[in-house]
Amino acid sequence: MGNLTIANALIIPMTADRRSFNGYVRTRDGAITAIASGAPPQNVEAQETIDASGCALMPGLINAHTHLYQVLLRALWEDLELMPWLKRIYGCARVLTPEHFYHGSLLGCIETIRSGVTTVCEHNFLNPGPECASETIRALQDSGLRAVFARTVMDSGEIVPDCTKEKPEQAFQRIDAILAKHKNNPRLSFMTGPNTPPINTTADLLKEVRRFADDKSIGISAHVAESKSVVEAVRKEHGAHGVVEFLHRFGIPAKNSIFAHSVHVSEEEIQILRDTGTSVSHNPVSNMMLGDGVAPVVEMLRQGVNVGLGTDGAASNHSQDLFDTMKAASLLQKVHHHEAGVIQPYDVLRMATIGGARALGLDAVCGTIEVGKRADLILVNLDTVHIQPVNDIFSQIVHCAKASDVQTVIVDGEIVMRDRRLTKLDDDKILADAKIANRDLIERVSRLSF
Ligand SMILES: [Zn+2]
């Protein structure tokens, strides 16, 4: 890994002081060792110096919630609301193979890197066999991304195929095996969780998941209150006012928990999120695509709830582009509140960086550019016709910049994309393999009835 100096950049550290300045960053053995304005001193030797003139140097973006293999299912089931759409997604478990997970996830990883994301949370929920999880992890490892693999569990539900329902003890054994195998990988950490309570999880599972997570010192990831239909289910089946209130009975909301979506949550439930330190992954493009509604992001931020940003899977997005998601997050709140100033670009950028890092328990590792943190960094080319001239760098990263402006991506001090060329992966081969996997999957899916 060695030493790296990135000079002549417009640095956006994303620390609490809300600043940007021209300067340089140094890294050694994957860690940030210096960040300062001006030119780097000549007396320090660097194995490599990147001239970042015309670029913004930022923390790598953090995709706090996705399902990578779903790139194979882009735009397959349009115009469906959450429940009928989920029935099809879950139904895929009957035909998904480990090869689909590997080749789909790897394509998802390329799109992720190419859009400036350095950390991704893969929320895994279809496990007809243990290889489905292990092949996804293999793709993540091959990509060089920093990743949180959230291996969740489903034990019930009318629309869940039997092949992917697990008894808690069986699921925990499988998760234990994953934890043991990967405990020494510095770029990989783990979570567990119920998938989408209450529609595919029993109360017993919720109790067991909290116990297991505490036992293993890992966090919890769950889809929470995504649509009105999920809230109706929790009211009817459990007499709770909402999903967060229901989960609170089992100690699921906590500092190490991340709740994806959280669209239909009451004011009281926002208080529960705040009081327990629970984080939210806001996934605006997916919410719009499925017609779920608008998450109360402004209210959550005002109350002090930590919010990250996620794309969600490409089956409901249909991309893995977090620049798209940032712009959507900003504009959706403005139109929802009929108030242009209701959310600031800097707040959106915080969600996409340090907010996501905190949500995934990685805020001591990444999410800002600070000495001592790991070097998860991106260079964004500002010298483009759709960005120049720069009047407000924060607004223009959120509202003008595109994924294709990301020039260079560094994870843990390793350059994984240099001047738009991937250093570890072969785009053409991955694309060809993913097309084959897609054709095979579509052929198998066409024989299913939903
Ligand atoms: Zn999801």
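The values are calculated or read from the model by the stated rules, or taken from the named source; none is laboratory data. Quick caveat, the model's predicted, so the values are computed rather than measured. FYI the Cβ positions are ideal-geometry reconstructions off the backbone, even for glycines, and counts take in every protein chain you see. Note: accessible area is taken over every heavy atom of the protein model, side chains too, but ligands, DNA and RNA are not part of it. Shrake-Rupley method; radii C 1.70, N 1.55, O 1.52, S 1.80 Å.
Could you give every pair whose Cβ atoms fall below 7 Å, whose first residue belongs to region 160-172 and is of a type in the set (S, T, N, Q), and whose second residue is part of a loop (DSSP other than H, G, I, E, B) and open to solvent by less than 60 Å² (accessible area, probe 1.4 Å), counting only separations of at least 6 or pairs across chains?
Listed by first residue and then by second, the contacts come to Thr164/Leu126; Thr164/Asn127; Thr164/Pro128; Thr164/Met154.
Out of Ala56, Ala64, Ala93, which single residue is within 18 Å of Asn287 (Cα to Cα), of a type in the set (Gly, Ala, Ser) and touching a Leu at 6+ places or on another chain (Cβ under 9 Å)?
Ala64
Only one of Ala46, Ala34, Ala75, Ala56 is open to solvent by 10 Å² or more (accessible area, probe 1.4 Å) and either closer than 23 Å to Val120 by Cβ or within 16 Å of the ligand (Cβ to nearest atom) (or both). Can you tell me which?
Criteria check complete, one pass: Ala75.
Can you name every residue in region 248-292 that is surrounded by 22 or more Cβ atoms within 10 Å (Cβ to Cβ), assigned to a helix (DSSP H, G or I) and more than 12 Å from the ligand (Cβ to nearest atom)?
Glu269, Leu273, Pro284
I'd like the residue in region 232-247 that is surrounded by 24 or more Cβ atoms within 10 Å (Cβ to Cβ) and farther than 23 Å from Arg350 by Cβ and, out of all such residues, is nearest to the ligand (Cβ to nearest atom).
Among those that are surrounded by 24 or more Cβ atoms within 10 Å (Cβ to Cβ) and farther than 23 Å from Arg350 by Cβ, it is Val243.
crowded, with 18+ Cβ neighbours inside 10 Å, more than 25 Å from Asn63 (Cα to Cα), aliphatic (A, V, I, L, M) and modelled with pLDDT of 95 or more: is that true of Ala150 in this structure?
no
Given the options Ala177, Ala171, name the one that is open to solvent by less than 20 Å² (accessible area, probe 1.4 Å) and assigned to a helix (DSSP H, G or I).
After applying the criteria, what remains is Ala171.
Away from the ligand (no atom under 16 Å from the Cβ), at pLDDT 95 or above and not in a helix (DSSP H, G or I), is that true of Phe323?
no
I need every pair where a residue in region 284-312 that is under 10 Å from Val263 (Cβ atoms) has its Cβ under 6 Å from the Cβ of a residue that is open to solvent by 60 Å² or more (accessible area, probe 1.4 Å) and away from the ligand (no atom under 16 Å from the Cβ), sequence separation at least 6 or different chains.
What qualifies is Val294/His336.
Picking from Arg94, Arg88, which residue would you name as being over 20 Å from the mean Cα position of the chain (by Cα), within 15 Å of the ligand (Cβ to nearest atom) and under 21 Å from Pro194 (Cα atoms)?
The conditions single out Arg88.
I'm trying to understand the selection: among the residues of region 118-131, which are within 16 Å of the ligand (Cβ to nearest atom) and either open to solvent by less than 10 Å² (accessible area, probe 1.4 Å) or modelled with pLDDT under 95 (or both)?
Result: Val120, Cys121, Glu122, His123, Asn124, Leu126, Asn127.
Scanning for something on the phi > 0 side of the Ramachandran plot, part of a loop (DSSP other than H, G, I, E, B) and more than 20 Å from the chain's Cα centre (by Cα), does region 296-306 turn up at least one residue?
The answer is yes; a qualifying residue exists.
Within region 170-193, track down each residue that is under 17 Å from Arg211 (Cα atoms) and among the charged types (D, E, K, R).
Arg174, Asp176
Scan region 330-351 for residues that are acidic (Asp, Glu) and part of a helix (DSSP H, G or I) and jot them down.
The one that is acidic (Asp, Glu) and part of a helix (DSSP H, G or I): Asp347.
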